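Heads up: the structure comes next, in structure tokens.
The values are calculated or read from the model by the stated rules, or taken from the named source; none is laboratory data. Computed from a prediction, not measured in an experiment: that's the story for all the values here. Heads up, the Cβs are rebuilt from the backbone with ideal geometry, glycines too, and the neighbour counts pull from every protein chain shown. The area values use the complete protein model at the heavy-atom level, side chains included, leaving out ligands, DNA and RNA. Shrake-Rupley method; radii C 1.70, N 1.55, O 1.52, S 1.80 Å.
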Amino acid sequence: MAAERLHRQLGSQQRVECDGDNIDVFGALVQLGVPLVLRPLKGLLGAYLREPALGVLITTRRPLSVQRYTAAHELGHFRLNHEPSLDNEDILRRSPFVANPEYDLQEVEADAFAMGFLIPRWLIAWHAKKQDWKKDHFTKSDVVYQLSLRLGASFEATWRTLQHYKLITSSIATDFSKVKVRNLKKELLGDHRPPDYRRDVWLLTERDAHMSISGSRNDLFVLRLKEHGGSGFLWDAEELKRKGFSLVSDVREKIHDFGIGNPTFRRLTVALEEPKQGQISLSERRPWQPEQPLKRLELTYDLTGPEGEGYSRVERRRVLEAT
Ligand SMILES: [Zn+2]
């Protein structure tokens, strides 16, 4: 309830509907006047301090989804008027919705706040509508992984929250607890082998038009787009290259094995050559009639995560804009 009240105060739902971005937890701390600093903390994911001054510390040593969850947990301590807290890995191991007498009540409250703040029910509903996902889709691990990326949460935090909202059964949740996210990434990448599987793999389709994608510097995009090659319309990958993406794979999947002129799916896998923010605009057009595209896909991305040492990115950008 406290998380929902804060969303109403910050106008989060309107912002998501307008920008198609995830919950801006670092921006919320800035807006509430809670000083936030990122440091390579040893043995801690984050801390909420009140003496000698109010402030939140978050580690730089973990992926963006963990930094965001930790920031939401510390925000919970602040909003719920808690005692100062030094938070280690336990915040990831505890299930926020399970009453266990060994847990410190203040920590359980901050965990539940974090989940409710990062993954409110209305945000899941918004993504489901945009992607045309029905309740059945949430039984599929690949769908839940793609949802987790759009929420800016880990795969585990996402399925735990789906279970809490009773959108999946406990037996599906048990299945998800055994899923190796690395295998979901491998499947999406097909023959392409990246140097490691710590990076996330976003499957982007025409349903992601006008979304804001917030990820990290080594993330990969797999663009899966229906292509009408039989009538001469092709997605123009050159537009991606001009925007600083390198094309690591370009394949066509047949929708039906028979029939000439049927649409196919074009599968473009791309990586940014350097971390940055920008916009993808891609057209499906006839090479001889470039001014008359059949379809366009536009979306914005920020692949500058995770948060680095010092102030958060949102705070730095605000300072830059003000000067
Ligand atoms: Zn805590």
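At a glance:
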{"read-out": "Residue satisfying all of: in segment 72-106; near the ligand (Cβ under 10 Å from one of its atoms) and open to solvent by less than 20 Å² (accessible area, probe 1.4 Å); nearest to Ala157 (Cα to Cα) among these", "value": "Ile91"}
{"read-out": "Selection count, segment 14-54, where residues are among the aliphatic types (A, V, I, L, M) and away from the ligand (no atom under 16 Å from the Cβ)", "value": "8"}
{"read-out": "Per-region count, segment 278-305, residues basic (Lys, Arg) and surrounded by fewer than 16 Cβ atoms within 10 Å (Cβ to Cβ)", "value": "2"}
{"read-out": "Yes/no for Lys135 being without any contact (Cβ under 8 Å) to a residue 12 or more places away in the chain, open to solvent by 30 Å² or more (accessible area, probe 1.4 Å) and among the basic types (Lys, Arg)", "value": "no"}
{"read-out": "Number of the exception - Ala53 against (1) closer than 25 Å to Gln9 by Cα; (2) open to solvent by less than 20 Å² (accessible area, probe 1.4 Å)", "value": "(2)"}
{"read-out": "Lone qualifier among Glu238, Glu273 - being within 21 Å of the chain's Cα centre (by Cα), surrounded by fewer than 15 Cβ atoms within 10 Å (Cβ to Cβ) and modelled with pLDDT under 95", "value": "Glu273"}
{"read-out": "Identity of the residue in segment 60-71, under 15 Å from Val25 (Cβ atoms) and surrounded by fewer than 23 Cβ atoms within 10 Å (Cβ to Cβ), that ends up nearest to the chain's Cα centre (by Cα)", "value": "Leu64"}
{"read-out": "Strands (runs of 3 or more DSSP E) completely within segment 154-230 that count 2 or more residues being open to solvent by 10 Å² or more (accessible area, probe 1.4 Å)", "value": "212-216, 220-227"}
{"read-out": "Verdict on His164 being on the phi < 0 side of the Ramachandran plot and in contact with a Pro (Cβ under 7 Å, 6 or more places away or on another chain)", "value": "no"}
{"read-out": "Residues being in contact with a Leu (Cβ under 6 Å, 6 or more places away or on another chain) and of a type in the set (Gly, Ala, Ser) - total across segment 170-227", "value": "3"}
{"read-out": "Pairs with Cβ under 6 Å, 6+ apart, first in segment 185-201 and within 20 Å of Ala153 (Cα to Cα), second of a type outside the set (A, V, I, L, M, F, W, C) and open to solvent by 80 Å² or more (accessible area, probe 1.4 Å)", "value": "Tyr197/Arg182; Arg199/Asn218"}
{"read-out": "Yes/no for Ser12 being open to solvent by less than 20 Å² (accessible area, probe 1.4 Å) and under 17 Å from the mean Cα position of the chain (by Cα)", "value": "yes"}
{"read-out": "Any chance Phe113 is in the same structural domain as His73 (by TED's automatic domain parsing) and either closer than 30 Å to Ala271 by Cβ or of a type in the set (Phe, Trp, Tyr) (or both)", "value": "yes"}
{"read-out": "The one condition in (1) away from the ligand (no atom under 16 Å from the Cβ); (2) under 28 Å from Gly11 (Cβ atoms); (3) of a type outside the set (Gly, Ala, Ser); (4) surrounded by 15 or more Cβ atoms within 10 Å (Cβ to Cβ) that Trp122 fails to fulfil", "value": "(4)"}
